[in-house]
């Protein structure tokens, strides 16, 4: 990844934001200081899978100036889930208003994994119904992952079944994820084109 300057650790919504800034996604990791940035990004992404021992570093990274770093910090906190609740729930609540949709969605997932879905669900529904193509997909994926916690927003979640003209393939990935999640929640076997 470091050698090829792979963008795989930067979530699609953030790549889309940076594409506008740099003119091309290929330029994102070709900027001055990108080698150090790649190393920092790889480190925080790896920490996201290390469990409770990584919590202090994830908490420290949750307010990093870079949105991809904040995203991985929130993902890592969510991966820890319930054991992170005491130390990180308040931080994740505050992160629900982050400037980056990907970070807000990751914070909402973290709260759900801590067993605190009440403030997270409205954020996920908002991202699902008003975001860009990739922002909506990320929210649908999290709503799918949280299983029964998504039950209170089933009616709003159904909006994710609507194809969106102007999106890549009319947003079919989000529609498929939404359909699968609703089938699981409702015990149905609906299909989408």
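Here, each number is a calculation from the coordinates, and none is a lab measurement. Computed from a predicted model, the values in this text were never measured in an experiment. We place every Cβ from the backbone using ideal geometry, glycine too, and count neighbours over all the protein chains shown.
Summary table
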read-out	value
Residue-span extension gain [residue 151 to residue 12] - 0.36 nm each, minus C-alpha spacing	47.4 nm
Computed [θ] at 222 nm, helices only, for the chain once each DSSP H run of length n ≥ 4 contributes -39500 (n - 2.57)	-18000 deg cm²/dmol
Percentage relative contact order, the stretch 119-193, counting C-alpha pairs under 8 Å, at least six apart	29 percent
Contact order relative to length of the chain, as percent, for alpha carbon pairs under 8 angstrom and 6 or more apart	14 percent
Förster radius 35 Å - calculated FRET efficiency between residue 190 and residue 53 (Cβ-Cβ, nearest 0.05)	0.25
Neighbour-count ranking [beta-carbon atoms within 10 angstrom, fewest first] of 14, 44, 141	141, 14, 44
Cα shape, the stretch 55-127, gyration tensor, a/c 1.5 rule	oblate
Relative packing of 51-59, 73-81, 147-155, 183-191, which averages over residues the other C-beta atoms within 10 Å, highest first	73-81, 51-59, 147-155, 183-191
Rounded if a/c under 1.5, otherwise prolate or oblate - the stretch 119-193, Cα gyration tensor axes	oblate
Hydrodynamic radius of the chain per Kirkwood, over alpha carbon pairs, in Å	17.1 Å
